[in-house]
Amino acid sequence: MRREKMVILTGYVGGETYGLLGPQLAASIVQENTIYDCIVVTVTRDDDKNHLKKTLQDYFGNRRPVIGFSYLAGRTDLFTLAQELREEGSFTILAGPQADVDFAGEKGWQDHPHYFQGLSSCFSMAQHGPAEHILPLLKHPIDQKPSSDPGLINATSIWNEQFLTKVHWDNLYRLRDGALTPLPVTTGQVLQQIGCPHASQTRTIEIDYPVAFRKNEKDKLQLSLKGCSFCDVAIDKGFHGVLSLDGVLQQILRLPEREDGRKIPFELINENAVPGLPALLAGVRAKGIRLSQINLTLRADWFVLAEKILREALALADALDVRILLGSMGFESFDDRILFNLHKGLDVETNLRAVKLTRELKNEFPRQWAYARREGAVHGFIHPTPWDTTETESNNSRIIALYGLLNDILPDRSVPLIIHHASALGDWAREIEKRENIQFKREGSTIGWWQVGDRYII
């Protein structure tokens, strides 16, 4: 039987060589379980979309193009590209995080024309949840446009570990000189935890009104949420537990190797990874796997609680000549009121304890531990926010200066608070609009809380 062709297009940053676990894993699942050969093609903001469309046309030849999209990150240029490809005859699939809510559109958009209208006009269908649920559709060629497209496939079943361990890291491509060329991956990703434990339970809290519309200190809104108030991943995935140690080791075994025979650096996807680090390193040693670097993304509170275990892991890393990089810690703010509104579940004192500990570890394990901006770390710091006041600004500035955070901790640029329409703060923004009879500007799938009509409020 003739093999068919499929491409997954994904947002990317130009000049980088990092792997994309989600799209590359999805392509691997399709490759191994259907009649489709599937590759992942990165699309930067600077790529010429007409050149890309011509290259895709040449790649598919006389076949009907089957094109998935993932990691769109609210990029309207990719929304437009998907719509054009669909109108020109391609079968387009929206997948990845938030695929269901981005396909369906912002809650209540039918009654509010300024809301995000959704992407159902851009895609033939959307697939939300584990990638293997797309397999029945791809058992046969998608040769012609059906009378009606499948719409949304919303898979609610649990994640199956057997599909999560076999990633083809050589399936990543980029557009270069009018052709699709392989993009070698120099930093991979290994999945250990699905979702975040902070998002495992629903809570009801009161969040401040935006300063621009606050009439008194008691102006608040009640929200029901999981995890951080700004986190769309918390809404998308919640918490689905951890993979087995064997499942994690299988992924590490399949990572590409550097010239020195060590595995390429990889991000361990688990915001509470420290408790399992000694067992992971012991498992690596038992299998004779040579690692170069493990990158961690952690919460400050769990990091501090696991201090003793982390020292044990670093001692083992020293014996194995492995570097551990604290690639990102979500500090987000050094003001308690801002942290509460973000529902981080921790306070400034905890953030500062984490800063102190990470600096101490650098002194004790200078070769095995890295955490600073100059070592490749990009820690979270959200600013501006709708709740910034003279007091919160003063608190942040005082802590930053007193603890020298600009020297090693804070990124070169802060990130403004981004509100995805389906996050808990999306509900907050819509209620503010209703109460104040205003309209925040929509930027693709995000809500521009800083702009009401043509007027900026910060």
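Rounded to the nearest whole Hz, the Karplus-based 3J(HN,Hα) values (6.51 cos²θ - 1.76 cosθ + 1.60, θ = phi - 60°) of the range 80-90 follow the sequence 5, 4, 4, 5, 4, 5, 5, 5, 8, x, 6, with x at glycine and proline.
Hey, with R₀ at 22 Å, roughly what FRET efficiency would Ser224 and Trp109 work out to, going by the Cβ-Cβ distance, to 0.05?
Numbers: r = 21 Å, r/R0 = 0.94.
With a Förster radius of 22 Å, E is 0.60.
Other residues with beta-carbon under 10 Å from the beta-carbon of Leu296 carry, at +1 per Lys or Arg and -1 per Asp or Glu, a net charge of -2.
Rounded to the nearest 20 Debye, what is the dipole magnitude of the range 291-358 about its Cα centre when Lys and Arg each give +1 and Asp and Glu each give -1 at the C-beta? Kindly include the intermediate steps, with their values, before the conclusion.
Values: 8 positive and 10 negative charges, 10 e Å.
Here the range 291-358 has a charge dipole of around 40 debye.
Sort the following peptides by mean Cβ neighbour count (other Cβ atoms within 10 Å, averaged over residues), highest first: 179-187, 428-436.
On the way: 179-187: 15.1, 428-436: 17.0.
For the peptides 179-187, 428-436, the packing ranking is 428-436, 179-187.
Let me have the 222 nm mean residue ellipticity of the chain computed from DSSP H runs of 4+ only, each contributing -39500 (n - 2.57), with the sum over all residues rounded to the nearest 500. Mind dumping the intermediate values first?
Values: 14 runs with 141 residues, N = 458.
After summing the helix terms and dividing by the residues of the chain, the value is -9000 deg cm²/dmol.
Neighbours of Leu425, meaning other residues whose beta-carbon lies under 11 angstrom from its beta-carbon, give a summed charge of -2 when Lys and Arg score +1 and Asp and Glu score -1.
Stretching the chain fully between Ala401 and Glu364 yields a gain of 10.9 nm (0.36 nm per residue, less the alpha carbon separation). Would you please classify the overall shape of the range 1-80 from the alpha carbon gyration tensor, given that a ≥ b ≥ c denote the square roots of the eigenvalues, rounded means a/c under 1.5, and beyond that prolate means a/b larger than b/c while oblate covers the rest? Since a/c reaches 1.5 but b/c is at least a/b, the shape of the range 1-80 is classed as oblate.
Roughly how many debye, to the nearest 20, is the charge dipole of the range 1-72 about its Cα centre, given +1 on each Lys and Arg Cβ, -1 on each Asp and Glu Cβ, and no other charges? Mind dumping the intermediate values first?
Details: 9 positive and 8 negative charges, 72 e Å.
Rounded to the nearest 20 debye, it is 340 debye.
The magnitude of the dipole of the range 1-159, with charges of +1 and -1 set on the Cβ of Lys/Arg and Asp/Glu and taken from the Cα centre, is near 380 debye.
With q set to 0.13, 0.15, 0.16, 0.19 Å⁻¹, the log10 of I(q)/I(0) for the range 220-335, from the Debye formula over equal scatterers at the Cα positions, is -0.59, -0.75, -0.83, -1.09. Modelled spin labels at Asn216 and Asp336, positioned 7 Å past Cα toward Cβ, are 2.3 nm from each other.
Taking only the C-alpha atoms of the range 355-406, Rg followed by Dmax gives 14.0, 41 Å. Using the Kirkwood radius built from alpha carbon pairs, what does the Stokes-Einstein equation give as D for the range 278-413 at 37 °C and 0.692 mPa s, in µm² per second? Using the Kirkwood radius from Cα pairs, D works out to 207 µm²/s.
So, in Å, what gap is there between the alpha-carbon centers of the range 316-350 and the range 357-381? Between the Cα centres of the range 316-350 and the range 357-381 lies a distance of 11 Å.
What FRET efficiency comes out for Asp347 versus Leu320 if R0 is 35 angstrom and r is the Cβ-Cβ distance? Round to the nearest 0.05. Provide the component values of the computation, followed by the final result.
Values: r = 35 Å, r/R0 = 1.01.
For Asp347 and Leu320, the calculated efficiency is 0.50.
For the range 374-450, taking Cα atoms only, Rg and Dmax work out to 15.5, 47 Å respectively.
Order the peptides 448-454, 377-383, 279-285 from the highest to the lowest mean number of other Cβ atoms within 10 Å of their residues.
On the way: 448-454: 15.7, 377-383: 19.4, 279-285: 17.9.
Output ranking for 448-454, 377-383, 279-285: 377-383, 279-285, 448-454.
Would you mind telling me the share, in percent, of accessible area of the chain contributed by carbon and sulfur at probe 1.4 angstrom?
Working: 10320 of 20610 Å².
Carbon and sulfur: 50 percent of the exposed surface of the chain.
Full extension of the segment from Arg285 to Tyr59, taken as 0.36 nm per residue of separation minus the current Cα-Cα distance, would add 77.1 nm. Charge tally for Glu391 (other residues, Cβ to Cβ under 9 Å; Lys, Arg +1; Asp, Glu -1): -1. Average projection, convex hull of the Cα set of the chain: 23.1 square nanometres.
With each label modelled as a point 7 angstrom along the Cα→C-beta vector, the Gln201-Ser244 pair spans 3.0 nm.
Cα centroid separation, the range 209-282 to the range 84-137: 25 Å. Converting phi to 3J(HN,Hα) with the Karplus coefficients 6.51, -1.76 and 1.60 and the offset θ = phi - 60°, the range 410-417 yields 6, x, 4, 9, 6, 10, x, 4 Hz in sequence order, with x at every glycine or proline. The listed peptides 29-35, 122-128, ordered by packing as a protection proxy, come out as 122-128, 29-35 (highest mean of other Cβ atoms within 10 Å first). Summarising the overall dimensions of the range 40-108 from its C-alpha atoms, the Rg and Dmax are 12.6, 41 angstrom. With a threshold of 31 Å on the Cα-Cα distance, the over-threshold entries among Lys107/Lys218; Lys308/Lys344; Lys166/Lys344; Lys166/Lys362; Lys54/Lys139; Lys107/Lys215 are Lys166/Lys344; Lys166/Lys362.
The values are calculated or read from the model by the stated rules, or taken from the named source; none is laboratory data. Since this is a predicted model, take the numbers as computed values, not measurements. Cβ coordinates were reconstructed from backbone atoms using ideal geometry, including for glycine residues, and neighbour counts include every protein chain displayed. With ligands, DNA and RNA removed, areas are computed over all heavy atoms of the protein, side chains included. Shrake-Rupley method; radii C 1.70, N 1.55, O 1.52, S 1.80 Å.
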